[in-house]
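The values are calculated or read from the model by the stated rules, or taken from the named source; none is laboratory data. The structure presented is a predicted model; accordingly, all values stated were derived computationally and were not measured. Virtual Cβ from ideal backbone geometry, glycine too; neighbours counted across all protein chains shown. What goes into the accessible areas is simple: the full protein's heavy atoms, side chains included, and nothing from ligands, DNA or RNA. Shrake-Rupley method; radii C 1.70, N 1.55, O 1.52, S 1.80 Å.
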Amino acid sequence: MANAIYPKWKEAIIQATASASLAGSGTTGVYVALVDTGTYTYSAAHEFYSSLSGVVGTDVEITSKTFTNGVLDGSDFSHLSVTGASTEAYVVYVKNAGANTTWRLVAYIDTGVTGFPITPNGGNINTTLNASGFFAL
């Protein structure tokens with residue numbers, strides 16, 4: 001699978017649906033999950049975090065976000081003390097105060113990431129975002 005923006009998120013943007021904005025922080029922030037693609041397979045029909053399987057470690061919020069020329073960028077981030085299965089993809093999603101059945105999936109990223117696949121060893125997994133940002137619309 002190549003990198004993709006989840007179509008259901010695009011629909012939510014077009015319809016100005018709640019939990020579609022990338023501008024929030026904290027409980028309404030944009031987060032990144034590490035995913036084992038041996039367990040999870042991307043599907044254009046997936047809409048919410050509850051569709052994910054194979055999440056490894058603890059999800060991390062993207063901070064210091066910018067939105068220049070349709071590109072989402074932010075601070076580099078670290079998944080701390082990660083154990084579990086090999087990871088081959090990131091899933092970006094928008095969190096809210098509700099259940100994970102309402103957290104919108106935004107992007108699936110499995111190519112162009114230095115270091116993938118990652119085999120967790122209990123240490124931190126540090127990610128330096130590409131100079132051109134996380135993804136562009």
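Observations, loosely collected:
- Unit charges on C-beta of K, R, D, E only; dipole of the chain, Debye: 260
- Nearest-10 value in Å² for the accessible area of Leu80, using the 1.4 Å probe: 110
- For the chain, the solvent-accessible area with a 1.4 angstrom probe is 48 square angstrom per residue.
- Taking a straight Cα-Cα cut-off under 18 Å and skipping sequence neighbours fewer than 8 places away in the same chain, the aspartates and glutamates within cross-link reach of Lys95 are Glu11, Glu47, Asp59, Glu61, Asp73.
- The orientation-averaged projected area of the convex hull spanned by the Cα atoms of the range 63-137 comes to 5.9 nm².
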